[in-house]
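Participant: Have a look at this one before I ask anything.
What follows draws every value from the coordinates through simple rules; no lab data is involved. These numbers were taken from a predicted model, which means no experiment stands behind them. Every residue, glycine among them, receives a Cβ derived from its backbone with ideal geometry; neighbour counts consider all protein chains shown.
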Amino acid sequence: SASARQSPARSHNSFRAKNFSGMPPNVPTIVVAGTSSGVGKTTVAVGLMHALHAQGCRVQPFKVGPDFLDGMQHAAACGRPSINLDGWMLGRNGCLAAFHAAVAASDADIAIVEGCMGLHDGREGATDDGSTAQVAKWLRAPVLLVVDAWNLARSAAAMVHGYQSFDPEVMLAATVFNRVAGAAHGTWIAQAMGSHPGTAAVRVLGCLPPDKRIELPERLLGLLPP
């Protein structure tokens, strides 16, 4: 039954001695989310991790959900293991305990959390349980939203506005638009974002062109094993 299929963390959510429920991250933290699976979350997250690691930053990577393949990419980029934050299995206290323990153990300068599926997708449709949005709210961390802009122009801003307004508790701070066809395409998207009051405050960090050299093969809701 639906009532029986509840998170295993519900009955022992305080398995850690210390309660982290009120503690925000003690390092700068970014959650890289997407509008759906396959939009380029891993490409953007791994690119950020590698760029910061190359500049000498100690980057602690995380992955929302149980997937381990994305974490393999994180480890290659950062030189340290990626930690899973699964809201359904760990619950709030478990996720926060795992986050703080990993940050402390690695003496991290920054934490980068890659989301799963779309920003608001979780174990059901009625709540955000198990979603990237839920973890972002627990961490009180800003969200960088990756949008596949192929075949979109002004409509890309409408999509971002929908994600921004859907849950006011989620801090949607910035966007990266993926598969942008050229300079004119990027300009149209930036104009649309800047001209609408609902999206003007969301920073456009960049536009990425299609590039088959960095495409990662996918299966349903995830990457293919290397």
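Participant: Show me, bin by bin at 5 Å from 0, the whole-percent P(r) of segment 142-211 based on Cα pairs.
Facilitator: Calculated over all Cα pairs of segment 142-211, the distribution is 4, 19, 33, 25, 13, 5, 1 percent.
Participant: Under the definition of Cα pairs under 8 Å and six or more residues apart, what whole-number percent is the relative contact order of segment 156-207? Mind showing how you got there, number by number?
Facilitator: On the way: 46 pairs, mean separation 25.6, N = 52.
About 49 percent, as a whole number.
Participant: Points 7 angstrom from Cα along the Cβ direction at Phe166 and Asp211: gap in nanometres?
Facilitator: 2.8
Participant: Amide H to amide H, which residues 5 or more places from Thr29 or on other chains are under 5 Å from it, using H placed in the peptide plane?
Facilitator: Those lying under 5 Å, H to H, from Thr29 are Ala111.
Participant: Same structure, new question: Taking 2.2 N^0.38 Å as the expected size of a compact globular protein, what ratio does the Cα radius of gyration of segment 107-180 give against it, to two decimals? Mind showing how you got there, number by number?
Facilitator: Numbers: Rg = 13.1 Å, N = 74, 2.2 N^0.38 = 11.3 Å.
That ratio works out to 1.16.
Participant: At 0.36 nm per residue, and after removing the present C-alpha to C-alpha distance, how many nm does the segment from Ala181 to Arg203 gain when stretched out fully?
Facilitator: Gain in length upon complete extension: 5.9 nm.
Participant: Now for a different question. Expected output is a single nm value to one decimal: the length gained when fully extending between Met89 and Glu124, i.e. 0.36 nm times separation in residues minus the C-alpha distance. What is it?
Facilitator: Numbers: separation 35, 0.36 × 35 = 12.60 nm, distance 1.42 nm.
Value of the extension gain: 11.2 nm.
Participant: Could you give the length gained by full extension between Ala190 and Ala75, i.e. 0.36 nm per residue of separation minus their alpha carbon distance, to one decimal place? Don't skip to the answer; put the middle values down first.
Facilitator: Details: separation 115, 0.36 × 115 = 41.40 nm, distance 3.29 nm.
Full extension of this stretch gives 38.1 nm more.
Participant: Answer rounded, prolate or oblate for segment 20-141, using the Cα gyration tensor with square roots of eigenvalues a ≥ b ≥ c: rounded when a/c is under 1.5, else prolate when a/b is larger than b/c, else oblate.
Facilitator: Values: a/c = 1.91, a/b = 1.23, b/c = 1.55.
In terms of gyration-tensor shape, oblate.
Participant: Find the centroid of the Cα atoms in segment 75-138 and in segment 163-194, then give the distance between the two in whole Å.
Facilitator: Cα centroid to Cα centroid, the span is 23 Å.
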